[in-house]
1. Return a yes/no flag: does segment A:160-175 have any residue that is touching a helix residue (DSSP H, G or I) at 6+ places or on another chain (Cβ under 9 Å) and hydroxyl-bearing (Ser, Thr, Tyr).
2. May I ask you to list pairs of residues, at least six apart or on different chains, whose Cβ atoms are under 7 Å apart, with the first in segment B:68-83 being open to solvent by 10 Å² or more (accessible area, probe 1.4 Å) and the second being of a type in the set (Ser, Thr, Tyr)?
3. What are the residues in segment A:18-70 that are more than 9 Å from DNA strand C (Cβ to nearest atom), farther than 30 Å from B:Val83 by Cβ and not hydrophobic (A, V, I, L, M, F, W, C), if any?
4. When you scan segment A:281-292, how many residues do you find that are in contact (Cβ under 8 Å) with a residue 24 or more places away in the chain and within 14 Å of chain B (Cβ to nearest Cβ)?
5. Starting from residues that are open to solvent by 80 Å² or more (accessible area, probe 1.4 Å) and away from every other protein chain (no Cβ under 14 Å), keep the ones in segment B:39-51 and report whichever is nearest to DNA strand D (Cβ to nearest atom).
6. For B:Ala278, all conditions in the list (1) within 14 Å of chain A (Cβ to nearest Cβ); (2) over 23 Å from the mean Cα position of the chain (by Cα) hold save one; what is the number of the exception?
7. State the number of residues belonging to segment A:237-260 that are of a type in the set (Val, Ile, Thr) and buried (at least 20 other Cβ atoms within 10 Å of the Cβ).
8. Got a number for residues in segment B:78-97 being among the aliphatic types (A, V, I, L, M) and more than 7 Å from every other protein chain (Cβ to nearest Cβ)?
Number of protein chains: 2
Amino acid sequence: MRATVKDVARRAGVSPKTVSNVMNGVVPVSAPTRFKVEQAMQELDYVPNLSARGLRNGRSGVIGLALPDLATPFSAELAHHVVEVAHEQGWSVQIEETGLDPQREQDLMTRARSNLIDGLILNPVVLQESAVKVGVSLPPVVLLGEVTQHIADRVFVDSMAAARDMTLALAKPGRRRIAVLGINAARPSSTAIHRAAGYESALEALGIAPDDDLLIRCEKWTSESAAAALDSWLDSHPVPEALFCFTDSMALGALNVLWKRGIRVPDDIAVAGFDDVADGRFAVPPLTTVSFDRRLVASEALRLLTDRMTDRDSSQRVVQVGYSIVERGSSTPRG
Amino acid sequence: MRATVKDVARRAGVSPKTVSNVMNGVVPVSAPTRFKVEQAMQELDYVPNLSARGLRNGRSGVIGLALPDLATPFSAELAHHVVEVAHEQGWSVQIEETGLDPQREQDLMTRARSNLIDGLILNPVVLQESAVKVGVSLPPVVLLGEVTQHIADRVFVDSMAAARDMTLALAKPGRRRIAVLGINAARPSSTAIHRAAGYESALEALGIAPDDDLLIRCEKWTSESAAAALDSWLDSHPVPEALFCFTDSMALGALNVLWKRGIRVPDDIAVAGFDDVADGRFAVPPLTTVSFDRRLVASEALRLLTDRMTDRDSSQRVVQVGYSIVERGSSTPRG
DNA sequence: TTGAAAGCGATACCAG
DNA sequence: CTGGTATCGCTTTCAA
């Protein structure tokens, strides 16, 4: 049987309370007592039962991280940073995948109340404003991305400005037929909406008339569906001068299709993505993209979350993380 | 304040035990009683406290998944499948990263005893046999990969046979100078050892004398370090006829370096990886690789783990998952 | 500074 | 089929 505080207390000749004091280190304990207790813990190979502690404290030491799909490089890199930052501060991370199912996002907010999670970092895809409202009385939630709501704390990158800047960068050498890949008309994600808006705003600034034929739809934001979407689109459209993909994963799929068709990048078409994932840096050619500090996103999210745990009533806080346009070989002549 | 079983019981006019029976559904409950209880739960917006349940049951409903680095595509895809499979069966998944630090793997086995985790799926990099031994009396552990030990259950792919087959496939068109990338001499991982052994065994079968100059070292198995390793190696070595990278991530880094140097793939050099990650399928050119069913790895690991929870004393079980050589454009002439 | 006892919320045992 | 009651392991009043 596993040792408990009682066992440790008995062996050390003290009370359970004292053992607890030694562990938590907030109430002062005399050096000899502390030593006895620590020795007893060693001898009994004592490990505290976190379920019991969680029950008593009302806190579990675990935060939830909910992402659409852990397998996409962007989510994976984000999760990596959240896990690292959280561990540094003594938190464990429970991973949830929401897929493309709005219901799952709802469910999660409920599950978060099961007290196995002290807070939730949620990267929503299709979260409606209503879903977040349910969350008011629940454990703290920090949203990642550009969800328009005014209740939960939030960390985001200005996707619209970034998309605008990227479009402008693609247009700079005089390119005018600029297509975008990633429009998801069926259930538009707020991210898609913002990036499309940035693209359109750039066209307007450039005096380029918007052309619906240059909006390439792609419901799932994976390399695979992006490749399929672009491939079939190219069957009925001429090659544009530039292609702005709403994520790097989609851009990698696009590069593959273009290569297969013998369309040269960047000579025949410039390609850009968004997120600056590792594989984009090593793509052939290396991918031009919008870069931002994912570790900062992770650490800010965690900061907001832990702050919120101690002060549930302060007003909503929003953190904006900067970005930069990184031009690589997929949009600039080989150097 | 949150509602408890007591509140629900009071409102439904029954005892707490009955509420519990309704929830767990194992003991029969009369229809009217069940209805009253369910209504009360609805009205009070009742959500069970999992910490309390965990304390009482000795089980938390959470499994741990420990990976070296969540940001690598292979780990990410694996995690994705584990999370999905686990959720289907009602488990939550806590993610831990071990990095390259053996100490972290040790720590984990201890942390798993904190009762917040009912079992652990561990993909070790450098776990020594001793580390697993500590785990005997602990919660169930399932190891992923080719760790040579005889205590914990394990799911693995025959890396050595796969590496041999891949080397033979690369050699088939008469290629003889076949280099490998991924030797990590400093702290050899068991995976590296197996794949290197497979490579050597293939050379022997082919009657090719092993050449240490063709063993390219690379301590970290990322695109980035692979690219750096290959780049500097090429400074002092002629281009080999083929390059077998121990993971797809490394192969992607290699493709990038070769492209930058104007070395054509597969015309000048054939390239292959291992793992069949999504980005490899869309690489330029698409990557030849060793493929295996990651979802099967995940589901088998979970099955072994849950079996072990109910029967801690049965003998070690080992599941081998098959593989196949997938030849794509990086090793075969364009079709 | 330390000890004794209560209680967090859910479940299992044993009656009825 | 249902109700009381003890209990899981830890922390936290309140006293000493």
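The values are calculated or read from the model by the stated rules, or taken from the named source; none is laboratory data. Bear in mind that the values here come from a model prediction, so they are computed numbers and not experimental data. Note: ideal-geometry Cβ built from the backbone for every residue, glycine included; neighbour counts use all protein chains shown. Heads up: the accessible areas ignore ligands, DNA and RNA and are worked out on the full protein's heavy atoms, side chains in. Shrake-Rupley method; radii C 1.70, N 1.55, O 1.52, S 1.80 Å.
1. yes
2. Final answer for the pair search is B:Pro68/B:Ser75; B:Pro68/B:Thr98; B:Asp69/B:Ser75; B:Thr72/B:Thr222; B:Thr72/B:Ser249; B:Pro73/B:Ser249; B:Phe74/B:Thr247; B:Phe74/B:Ser249.
3. Once the filter is applied, which keeps residues that are more than 9 Å from DNA strand C (Cβ to nearest atom), farther than 30 Å from B:Val83 by Cβ and not hydrophobic (A, V, I, L, M, F, W, C), segment A:18-70 yields A:Asn24, A:Gly25, A:Glu38, A:Gln39, A:Gln42, A:Glu43, A:Asp45, A:Tyr46.
4. 6
5. Looking at the filtered set, the residue picked out is B:Gln39.
6. (2)
7. From segment A:237-260, those of a type in the set (Val, Ile, Thr) are A:239, A:247, A:257; that's our starting set.
Retained after the next criterion (residues that are buried (at least 20 other Cβ atoms within 10 Å of the Cβ)): A:247, A:257.
Qualifying residue count, segment A:237-260: 2.
8. So the answer is 4.
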